[in-house]
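The values are calculated or read from the model by the stated rules, or taken from the named source; none is laboratory data. These figures come from a predicted structure and were not determined experimentally. A quick note on method: Cβ atoms are made from the backbone with ideal geometry, for glycine too, and the neighbour counts reach across all protein chains shown.
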Amino acid sequence: MIVGPGLHSGASCRVRLYREPGPVRFKRGRHELPAILKNVVATPRCTVLGDGSLRLAMVEHLLAALYITGWWQDLLIEVSGAELPVLDGSAAPWLE
């Protein structure tokens, strides 16, 4: 589990990654949001994914880490907030 503040909101967010069949997707509450291009709704100093039910900001560092590792299937990313933690501002902490 990773916990930290969002860069823009300062709000704390908890992130947990689970191996679960299917595409890489985010979950907050009961809503799931696949990490696919059609769900990119904004790029104002960060990447924002959304689908009308769920909107998540600052997903780019975690998604970059997943891309680097080649892990693009069978992952559920459970989040507690609307903005992922900034950590050190890179993908590196997500790889640790």
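Scanning the stretch 17-31 for residues that are assigned to a strand (DSSP E or B) and over 16 Å from A57 (Cα atoms) turns up L17, Y18, R19, E20, P21, G22, P23.
Would you check if A64 is surrounded by 13 or more Cβ atoms within 10 Å (Cβ to Cβ) and modelled with pLDDT under 95?
The answer is yes for A64.
Condition first: in contact with a Pro (Cβ under 9 Å, 6 or more places away or on another chain) and either acidic (D, E) or surrounded by fewer than 17 Cβ atoms within 10 Å (Cβ to Cβ) (or both). Now tell me which residues in the stretch 26-55 satisfy that. Walk me through it before giving the result.
Just the residues of the stretch 26-55 that are in contact with a Pro (Cβ under 9 Å, 6 or more places away or on another chain), to begin with: 26, 34-36, 49, 51.
Selection gives P34, I36, D51.
Out of S80, S12, one residue alone is touching a Cys at 6+ places or on another chain (Cβ under 7 Å), touching a residue at least 60 places away in the same chain (Cβ under 8 Å) and hydroxyl-bearing (S, T, Y). It is S80.
Just name the residue that is nearest to A11 (Cα to Cα) out of those in the stretch 47-80 that are in a loop (DSSP other than H, G, I, E, B) and over 10 Å from the mean Cα position of the chain (by Cα).
Let us first name the residues in the stretch 47-80 that are in a loop (DSSP other than H, G, I, E, B), namely 47, 51-54, 58-59, 70-72, 80.
Subset that is over 10 Å from the mean Cα position of the chain (by Cα): 51-54, 70-72, 80.
Numbers: D51: 22, G52: 21, S53: 20, L54: 17, G70: 30, W71: 28, W72: 27, S80: 10 Å.
Restricting to residues being in a loop (DSSP other than H, G, I, E, B) and over 10 Å from the mean Cα position of the chain (by Cα), the top hit is S80.
Restricting G4, G70 to those that are among the small types (G, A, S) and touching a Leu at 6+ places or on another chain (Cβ under 6 Å) reduces the list to G4.
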